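Visitor: Below is the structure I would like to discuss, written out as structure tokens.
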Amino acid sequence: MTMDENQQRAWRALGLGPVWDSRAGQVQREEQASPPGLSSSERSAGADRAVLPADQDGSGSVAVAELTAGQGEVSAMGWAALESSVAGCQACSLSQGRTQTVFGVGNRNADWMFIGEAPGAEEDARGEPFVGQAGRLLDNMFAAIGLSRSKDVFIANVLKCRPPHNRDPLPAEVGSCEPFLARQIALVDPRIIVVMGRFAAQTLLRTDASISSLRGRVHGFALGERTVPVVVTYHPAYLLRTPSDKGKSWSDLCLARALAAQAS
Ligand code: SF4
């Protein structure tokens with residue numbers, strides 16, 4: 001895919017500098033200076049990862065994970081019932097400290113699903129995931145691969161209520177909330193899932209492995225008869241604190257884009 005002007009603007013807003021394009025194995029470089037904080041090896045990694053790992057192309061070597069769909073009603077709910085059920089949920093103690101639940105946004109029939117950890121203060125106040133600075137960065141990441149938040153993706157968190165002081169979610173909270181996410185994934189029925197951050201990746205993939213070991217590989221998520229490819233990347237809030245890892249995140253998005261193209 002060749003970047004249009006909007007994508008190139010988003011690319012520059014990401015602070016990533018040269019444009020790498022993976023089409024036909026060619027790497028093209030935009031004629032501009034490299035930004036500080038992005039090494040040549042990180043840029044090269046971005047180009048390399050645009051090509052699917054040879055042994056992880058959906059041919060059977062992918063470890064497949066799944067979530068607990070929950071007993072009873074949630075696993076059979078449509079969107080309206082699910083949204084209403086989340087809004088009124090008091091299944092864990094996080095319900096006591098929330099301003100409101102944060103259900104998820106985007107196209108409910110999207111090919112792409114992005115999954116994060118839990119609402120922060122701004123998300124809790126506005127009822128929408130990934131707003132504020134991290135949200136703007138995520139929107140730029142979408143634009144860099146030709147996606148729009150409203151049209152092309154559905155975004156959700158593992159937890160629908162904000163943990164106090166943004167602490168890590170507790171296992172019991174995840175267990176209580178997991179059926180909602182499982183149902184969201186089933187209803188969206190995405191072609192590709194991108195999980196952002198250590199916690200979301202570990203939850204979705206049922207692992208305690210580090211994010212650095214989970215990145216750069218294709219994972220799988222069982223959805224009925226189908227296995228949905230899953231790519232792990234950094235959380236936008238982490239990238240704001242560690243901009244030197246934006247290049248790695250770009251390589252993850254290139255991998256996801258290649259998988260999405262293969263699945264369509
Ligand atoms: S975090 Fe999930 S399980 Fe806990 S109260 Fe909120 S919606 Fe319910």
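Visitor: Within region 142-163, how many residues are within 12 Å of the ligand (Cβ to nearest atom) and over 19 Å from Ala87 (Cβ atoms)?
Guide: Number satisfying all stated conditions: 0.
Visitor: Among the residues of region 112-135, count how many are over 24 Å from Ser95 (Cβ atoms) and modelled with pLDDT of 95 or more.
Guide: Final tally of qualifying residues: 3.
Visitor: Just to check your reading of the model, which residue among Ser148, Ser213 is free of Cβ contacts under 8 Å to residues at least 60 places away in the same chain, more than 21 Å from Ser95 (Cα to Cα) and out of contact with any helix residue (DSSP H, G or I) (no Cβ under 7 Å at 6 or more places or on another chain)?
Guide: Ser213
Visitor: Hey, among Arg126, Arg136, Arg108, which residue is under 16 Å from Ser249 (Cβ atoms), surrounded by fewer than 18 Cβ atoms within 10 Å (Cβ to Cβ) and of a type outside the set (Val, Ile, Thr)?
Guide: Testing whether each residue is under 16 Å from Ser249 (Cβ atoms), surrounded by fewer than 18 Cβ atoms within 10 Å (Cβ to Cβ) and of a type outside the set (Val, Ile, Thr) leaves just Arg136.
Visitor: I need a count of the residues in region 73-93 that are of a type in the set (S, T, N, Q), without any contact (Cβ under 8 Å) to a residue 40 or more places away in the chain and within 11 Å of the ligand (Cβ to nearest atom). It would help to see each step written out before you state the result.
Guide: From region 73-93, those of a type in the set (S, T, N, Q) are 75, 84-85, 90, 93; that's our starting set.
Restricting the remaining residues to those that are without any contact (Cβ under 8 Å) to a residue 40 or more places away in the chain gives 84, 90.
With within 11 Å of the ligand (Cβ to nearest atom) added as a condition, the list becomes 90.
Counting residues in region 73-93 that are of a type in the set (S, T, N, Q), without any contact (Cβ under 8 Å) to a residue 40 or more places away in the chain and within 11 Å of the ligand (Cβ to nearest atom) gives 1.
Visitor: Are any of the residues in region 107-122 assigned to a helix (DSSP H, G or I), more than 16 Å from the ligand (Cβ to nearest atom) and not aromatic (Phe, Trp, Tyr)? Full working, then the answer.
Guide: Of all residues in region 107-122, those assigned to a helix (DSSP H, G or I) come to 121-122.
Retained after the next criterion (residues that are more than 16 Å from the ligand (Cβ to nearest atom)): 122.
Retained after the next criterion (residues that are not aromatic (Phe, Trp, Tyr)): 122.
Yes, because at least one residue in region 107-122 is assigned to a helix (DSSP H, G or I), more than 16 Å from the ligand (Cβ to nearest atom) and not aromatic (Phe, Trp, Tyr).
Visitor: Checking Asp245 against (1) assigned to a helix (DSSP H, G or I); (2) within 13 Å of the chain's Cα centre (by Cα): exactly one of these is not met. Which one?
Guide: Asp245 satisfies all of (1) assigned to a helix (DSSP H, G or I); (2) within 13 Å of the chain's Cα centre (by Cα) except (2).
Visitor: From the residues in region 165-206 that are small (Gly, Ala, Ser) and part of a helix (DSSP H, G or I), which one is farthest from the ligand (Cβ to nearest atom)?
Guide: That would be Ala201.
The values are calculated or read from the model by the stated rules, or taken from the named source; none is laboratory data. Bear in mind that the values here come from a model prediction, so they are computed numbers and not experimental data. Cβ atoms come from the backbone with ideal geometry, glycine included; neighbour counts cover every protein chain shown.
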